[in-house]
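Colleague: Submitted below is the structure of interest, expressed as structure tokens.
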Amino acid sequence: MRKGRRRRGVYLLPSLLTISNLLCGVYAIVAVHNDEYTRAAIAILIALIMDGLDGAVARLTNTQSDFGVQLDSLADLVAFGVAPAILTYAWAIKPYSKMGLLFGSIIPTALFVSSGAFRLARFNVQTRILDNRYFVGLPIPAAAAVIASFVLFMRESPSLVLFQHELLSDRVTSALMVVIVYALSFLMVSPIRYRSLKGIEIKKRQPFALLIGLTLVVSVIASEPGLVAFFCFFFYALSGVIRMIPSIRRHVSEPVEHVIGGEAGP
């Protein structure tokens, strides 16, 4: 056998989880075609779980590979790029196509998919040179989760039924969804850093209080899944922007201090 010969085959378990992620995205697209928007949103969130599991399993079993990285990116583009974009267009944009070019056209949909593809390509190129504790730009699964959880929040949350009918018309909801899509597209291609959850050690012993806290979180999610999921993912999307505020303030204040110091000199 020649030395350096490439091993053939793939790691089965992580690849199956990645394919499950892809199939959830395909199912979401079919559900949108059948006007089943709630099912489409749920399928995208299930794809998010599959995406987290395939990476965790690959790290735990030491079965990471370049093939797995590329397959994961292709699956992510379908499940977290194309599927939520089509869901957004069919549920919020198409019914109100007369709201203006930037709101009532395919532009937000195309921008979201393009930004997601750019985000995935940049991640694949930079994955070996960046700090694993952070992502550069909002991860596309998180962006898709914001959209999917917003759809569930607006369609299925019992506490929102009265609020939506009294304060938010369908057109306002549609416009809000489009604004969210534009913001997510910008955050995905931005240089803003987001904290990665890959560094969490699940094999080490953790404080007992953490288990109690997670149990409480699961209970709250079970009571209002759409509401809790939307705010969790929404605040994660905001977290990168909030982290940048101190550095922006320092950058703005430095020239001012320099000018003041110059005026105070002899």
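Colleague: For an R0 of 30 angstrom, estimate the FRET efficiency from the Cβ-Cβ distance between Asn124 and His33 and round to the nearest 0.05.
Modeller: In this case the efficiency is close to 0.50.
Colleague: Gain in length, Tyr134 to Val179, computed as 0.36 nm per residue apart minus the alpha-carbon separation, to one decimal in nm?
Modeller: Answer, rounded to one decimal: 13.6 nm.
Colleague: Which FRET efficiency value, to the nearest 0.05, is calculated for Leu16 and Val241 with the Förster distance at 45 angstrom and r the Cβ-Cβ distance?
Modeller: 0.80
Colleague: For the pair Val172/Ser105, report the inter-label distance in nm, with labels modelled 7 Å from Cα in the Cβ direction.
Modeller: 2.7
Colleague: What residues qualify as long-range amide H neighbours of Tyr134, i.e. H under 5 Å apart, gap of 5 or more or another chain, H built at 1.01 Å from N?
Modeller: Placed amide hydrogens put Ser196 under 5 Å from Tyr134.
Where a number appears in this text, it was derived from the coordinates with a stated rule and is not lab data. Please read all numbers here as calculations on a predicted model, not as lab measurements. When we count neighbours, we look across all protein chains shown, and the Cβ atoms used for this are built from the backbone with ideal geometry, even at glycine.
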